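Before any comments, here is the structure.
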Amino acid sequence: MSDLDDRALPKTDDGSAAATTPESLERVDTFPRQQARTQRFTLGVPRDVEVSSDGERIVFLRSHGGDDPVNALWVLDVPTGTERLVGDPRTLLDRADHALPAEERARRERTREAAAGITSFSTDAETKVASFSLGGRLFVAGLLTGAARPLGVAGPVFDPRPDPLARRIAYVSGRLLCIGELDGTWRVLAGDDPSEADTVSWGSADFIAAEEMHRLRGYWWSPDGRTIAACRVDTSPVAEWVIADPARPDEPANTIRYPAAGTTNPIVSLHLLGLNGSRLDVDWDDEFFPYLATVNWTRAGLILLVQARDQRGTMTLRVDEITGETEVLAHDYDDAWIELVPGVPQLLEDGGLLVAADRDGARRLLLDDEPITPPDLQVRAVLSTSGDAITFQANPIDDASSLHVWQRRTDGTLTALTDEPGVHTAVVGGATTVMRSATLDEPGVHTATLDGLVIESLALRPLVTPNVEFFTTPDTAIATALLLPHDHDGSPLPVLLDPYGGPHAQRVVRSHNAFLTSQWFADQGYAVLVADGRGTPGRGPGWERAVHGDLATIPLADQIEALHFVAEKTGVLDLDRVAIRGWSFGGYLAALAVLQRPDVFHAAIAGAPVTEWRLYDTHYTERYLGDPAIRSDQYDASSLLPRAAGLERPLLLIHGLADDNVVAAHTLRLSAALLAAGRPHEVLPLVGVTHMTPQEDVAENLLVHQLDFLRRALSARSGASA
């Protein structure tokens with residue numbers, strides 16, 4: 001979707017965008033259409049919130065309505081409570097000029113960004129100036145009293161960032177890292193060396209960093225604005241994969257560099273580039289620690305977190321800004337893997353080193369190697385280290401369904417800033433703390449300061465309301481949610497398991513919007529079960545590492561345990577009609593379920609499933625299964641392909657043909673294996689669709705198609721049972 005694409009907006013008879021209200025939408029909408037048009041009810045929600053260091057200004061993105069996909073840049077003045085529109089794409093950008101640079105399209109795919117308009121911005125240290133790109137053009141905005149204006153630098157422009165003192169803008173343009181002055185002049189800082197191959201780029205994050213390490217940027221300003229620490233990425237060692245569009249044979253295929261498990265990664269190095277033309281190479285043992293996971297440059301110094309290829313070891317390094325040499329400040333090791341925690345490591349203003357590490361059965365914060373959080377809290381992210389407080393997210397080690405915001409002050413005081421069950425996060429600047437909270441009682445995200453200043457959400461109200469009950473299994477303590485139709489009479493219902501069930505994602509959270517799709521299926525006459533088994537985050541290192549070396553056995557066993565416990569506890573689950581659906585890892589788990597346990601599962605919908613882990617990327621897959629050249633047995637045991645001949649139940653495979661994360665080869669190879677074994681199944685190819693499904697018609701009809709499949713599959717099962 002382009003920056004100003006209005007295809008998602010309702011139309012009048014003459015084809016123009018129609019004015020809509022929540023009331024009129026509710027009269028004509030079905031839930032699948034409403035959810036698709038509102039991009040899962042994220043449109044109109046304040047997002048990308050940033051607070052100035054003095055606490056006077058809150059900067060954020062928000063579209064003009066719950067069905068408007070075009071985000072604009074806003075500033076809220078804290079003392080007066082007044083909002084100002086600073087940058088509106090519809091007035092800033094000529095409608096004919098909306099092409100996105102390839103780097104921006106890749107960033108949006110990595111972040112699963114489906115919205116349009118301004119989807120990210122950066123500010124100077126005092127949050128007085130913001131920069132962003134639209135359609136490959138550079139814009140700057142004065143956040144005190146001004147508005148956005150274009151800078152006529154050469155493009156296409158990607159990831160523009162003001163220097164900390166707001167004197168100039170750095171940005172990426174293709175393979176180049178450039179500097180733009182506020183008068184519109186520009187120059188290349190790195191990447192124009194004719195001796196470098198076209199596989200070398202400067203200032204961008206590589207695929208692995210962006211997809212798996214959540215490091216979305218590739219350069220960092222020094223605090224004085226005179227130097228940039230920039231990544232140089234050479235993808236020449238990485239194998240080329242071809243992603244073609246079979247529906248458009250006249251268009252050229254897209255060739256990507258994809259580092260599959262056991263193959264070569266890109267070469268990533270870090271360099272200090274002075275605005276005066278100097279270059280200093282940062283030196284560390286990148287042969288043993290090839291992954292550059294985190295870079296953090298503050299007045300206290302420049303530090304890096306680097307990680308071994310097997311992910312069992314990490315080092316926190318301080319960079320000598322004069323020589324480029326590095327000093328080890330901390331290191332960590334685990335027999336399975338080291339989990340990367342957002343927001344750390346950090347050097348505090350007093351020089352103290354803040355890290356996160358697994359100690360005493362929990363992920364804890366350590367300050368200069370001493371734990372400062374208790375062993376009954378699982379730290380999930382560090383949000384801020386401003387002033388005299390460290391603000392972080394954590395949950396009780398025995399309950400990850402709520403995520404709270406905590407503060408630890410320099411005197412050792414530990415305080416919970418949230419206590420209502422839900423998912424909470426915070427942004428801090430000066431004396432202003434903005435809380436963003438999702439709870440079961442109300443839809444959407446509530447955004448407000450601790451003092452009660454609300455940033456209005458324009459999101460539409462969903463047409464369904466979760467009817468959810470929570471359970472915890474007695475044997476393994478699996479968090480489980482059961483959703484039933486609102487008009488349920490107590491009779492047994494066909495069952496739909498709706499999990500993700502794997503690392504790095506939770507489904508059982510005390511948030512209204514987390515259960516909307518599950519509830520829609522429930523309201524069609526199903527008992528929908530959502531379970532977070534071992535391997536999902538938040539329940540301690542031992543819980544996460546239970547899947548080490550085997551991604552199949554425990555995730556599937558935990559879904560079955562949750563199913564049988566809730567069936568026995570409630571008496572409303574018809575165990576003769578059980579289906580399972582999922583996407584990505586959830587798709588893998590769904591296909592695994594009918595292949596491995598047809599005695600329990602009678603139908604499955606597998607969306608974008610990983611079917612052969614040798615085809616998935618290095619950083620994710622090797623973390624759990626190791627090097628396939630050494631641990632081929634673990635890859636074989638977790639693969640779906642050897643299980644193809646065991647299919648006895650209806651299976652629907654869904655895959656986007658443009659997916660560059662879980663490529664369509666996963667589904668195609670499983671389908672070929674099923675066909676070779678004589679096992680009937682269904683395949684739904686999604687033309688032009690990536691790993692996410694932002695297209696409105698696709699997102700809507702995909703739910704309807706799945707419902708139709710479930711009805712066919714389980715009604716046939718009901719007839720067979722009768």
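Readers should treat all values here as calculations from the given coordinates under stated rules, not as data from a laboratory. Please read these numbers as outputs of a predicted model, since none were measured by experiment. For neighbour counting, all protein chains shown are included, and Cβ atoms are generated from backbone atoms with ideal geometry for every residue, glycine included.
Listed from fewest to most Cβ neighbours within 10 Å, the set H271, H424 follows the order H271, H424. A simple spin-label model places the labels of R105 and L216 1.9 nm from each other, with each point 7 Å out along Cα-to-Cβ. What angle, in degrees between 0 and 90 and rounded to the nearest 10, separates the Cα long axis of helix 585-596 from the longest principal axis of the Cα atoms of the chain? Approximately 30 degrees, to the nearest ten.
Rounded to the nearest 20 debye, the dipole size of the stretch 193-340 about its Cα centre is 440 debye, using +1 on the Cβ of Lys and Arg and -1 on the Cβ of Asp and Glu. Taking amide hydrogens as placed 1.01 Å from N in the peptide plane, the amide H of I478 sits under 5 Å from those of T473, each at least 5 positions away in sequence or on another chain.
Quick one: putting +1 on the C-beta of Lys and Arg, -1 on the C-beta of Asp and Glu, what dipole do you get for the stretch 92-221 around its Cα centre, in Debye to the nearest 20?
400 debye
For the pair the stretch 457-480 and the stretch 648-679, the centres of their Cα atoms are 30 angstrom apart.
Across the stretch 47-62, coupling constants 3J(HN,Hα) worked out from phi with the 6.51/-1.76/1.60 Karplus curve, θ = phi - 60°, read 8, 6, 6, 9, 10, 5, 5, 8, x, 8, 10, 10, 10, 7, 9, 6 Hz, and Gly and Pro carry x. Applying 1/(1 + (r/R0)^6) with R0 = 35 Å to the Cβ-Cβ distance of D419 and D489 gives a FRET efficiency near 0.45. Annotation: the residues V242, V689, V547, V528, sorted from fewest to most other C-beta atoms within 10 Å of their own C-beta, follow the order V242, V689, V547, V528. Answer with one residue from L304, L615, S52: the one whose Cα lies farthest towards the positive end of the charge dipole of the chain, charges on Cβ with Lys, Arg +1 and Asp, Glu -1. So the residue we want is L615. Here the residues D487, D159, ranked from fewest to most Cβ neighbours within 10 Å of their Cβ, fall in the order D487, D159.
Proximity of backbone amide H atoms, modeled 1.01 Å from N, is registered between G429 and V434 at under 5 Å, excluding neighbours fewer than 5 places apart on the same chain.
Each residue of the stretch 369-379 is assigned a 3J(HN,Hα), and the resulting list reads 6, 10, x, 10, 10, x, x, 9, 10, 9, 6 Hz, derived from the Karplus form 6.51 cos²θ - 1.76 cosθ + 1.60 (θ = phi - 60°), x at Gly and Pro. Relative to the dominant Cα principal axis of the chain, helix 696-721 is inclined by about 30°.
Go ahead and run the numbers for FRET between D475 and L348, Cβ-Cβ distance against an R0 of 56 Å, rounding to 0.05. With a Förster radius of 56 Å, E is 0.85.
For the chain, the residue among A210, T30, T385 whose Cα projects farthest onto the positive side of the dipole built from Cβ charges is T30. Measuring between their Cα centroids, the stretch 303-373 and the stretch 532-579 lie 32 Å from each other. Mind pulling the angle between the C-alpha long axis of helix 665-676 and the longest principal axis of the chain? Nearest 10 degrees, somewhere in 0 to 90. It is inclined by approximately 20 degrees. A helix-only calculation puts the chain at -5000 deg cm²/dmol for mean residue ellipticity at 222 nm, using -39500 (n - 2.57) for each DSSP H run of at least four residues, averaged over all residues. Normalised by the number of residues in the stretch 561-652, the mean separation of alpha-carbon contacts (under 8 Å, six or more apart) gives a relative contact order of 28 percent. Return the label of the correct value of P(r) over Cα pairs in 20 Å bins from 0, in percent, as calculated from the structure shown, out of [x] 16, 52, 30, 2, 0; [y] 17, 46, 25, 8, 3, 0; [z] 18, 53, 25, 4, 0. The calculated read-out lines up with [x].
Subtracting the Cα-Cα distance of E126 and D77 from their residue separation scaled by 0.36 nm leaves 16.2 nm.
On full extension, the segment bounded by D636 and R359 gains 96.5 nm, given 0.36 nm per residue less the C-alpha separation.
Computed about its Cα centre, the charge dipole of the stretch 468-721 is approximately 320 debye, with only Lys, Arg, Asp and Glu carrying charge at their Cβ. Note on the chain: dipole from Cβ charges, positive end direction compared against T413, T473, V268; the farthest Cα belongs to T473. Rounded to the nearest whole Hz, the Karplus-based 3J(HN,Hα) values (6.51 cos²θ - 1.76 cosθ + 1.60, θ = phi - 60°) of the stretch 328-342 follow the sequence 6, 9, 7, 8, 9, 8, 9, 5, 9, 6, 9, 7, 7, 10, x, with x at glycine and proline.
The mean sequence distance of close C-alpha pairs (under 8 Å, at least 6 residues apart), as a share of the length of the chain, puts its relative contact order at 9 percent.
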